[in-house]
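Here the structure is laid out as structure tokens; the discussion comes afterwards.
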Amino acid sequence: MDNFQDADPGVPPEFALVVEELRETDLRDELRIREIPPPTGIAPYAFAVAADIGEAPEGRDSEHGTGRFILMYDPEEPEAWRGAFRVVSFTQAPQDPDIAGDPFLAEVTWSWLEDALAGRGASHHSPSGTATKVISAGFGELANQREGAQIELRASWTPTGSLGPHLAAWSDLLCALAGLSVKEGEVAIDRFAKGDL
């Protein structure tokens, strides 16, 4: 990947160093990782990656699981963040419809995020988020499609300490949602293709 600091000399050194740390973080080899353009207008500086479980069709998310990890940086330390950095993440994976009907699935999904962060030693505070279960059934010309289900977790938190463990924990969460066992293999982000920036 291109060096972030070289690409934009106006980037604060504190943020540039964190971006390099994220790029060097070892992640699970079941994931296809790529940098994506971060959202604009939310924070002065941001870095974002997308991940898919396995290969995905060009321009589409993987049907096995997908997610986005965004690190935002605002040296003014917004009151709601209680710090200069804030992680915003999205993860989504298909579920067996029988499991998706479990009334505790949302709570379990949130606990997987907490467990992933704790398991990687990713210290943080001020977490927030929503877990959404989606169950679908086909009708009319789609009536022969089997019932489907998904779980989505949108979460944010203020990281403290090293940032690499937060990205690694998020990758563990995505794999857990997709039903993969914990930490089967890991690989650095720079071994994957970089998206169009």
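The values are calculated or read from the model by the stated rules, or taken from the named source; none is laboratory data. Note that the coordinates shown come from a computational prediction; the quantities given were computed from them, not determined experimentally. No Cβ is skipped: glycine too gets one built from the backbone with ideal geometry, and neighbour counts run over all protein chains shown.
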Point to revise | Only one of ILE135, ILE99 that is modelled with pLDDT under 80 and in a strand (DSSP E or B) | key: ILE135
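Going by the structure shown, is PRO75 surrounded by fewer than 18 Cβ atoms within 10 Å (Cβ to Cβ), modelled with pLDDT of 90 or more and either in contact with a Phe, Trp or Tyr (Cβ under 9 Å, 6 or more places away or on another chain) or in a strand (DSSP E or B) (or both)? Working first, answer last.
Working: surrounded by fewer than 18 Cβ atoms within 10 Å (Cβ to Cβ): yes; modelled with pLDDT of 90 or more: yes; either in contact with a Phe, Trp or Tyr (Cβ under 9 Å, 6 or more places away or on another chain) or in a strand (DSSP E or B) (or both): yes.
Taking the combined requirement at face value, the residue satisfies it.
Return the residue satisfying two criteria in turn: it lies in the range 102-132 and is assigned to a loop (DSSP other than H, G, I, E, B) and charged (D, E, K, R), and of such residues it is modelled with the highest pLDDT. Walk me through it before giving the result.
Quick first cut of the range 102-132, residues assigned to a loop (DSSP other than H, G, I, E, B) only: 102-104, 120-123.
Of the ones still in play, those that are also charged (D, E, K, R) are 102, 120.
Numbers: ASP102: 68, ARG120: 95.
Among those that are assigned to a loop (DSSP other than H, G, I, E, B) and charged (D, E, K, R), it is ARG120.
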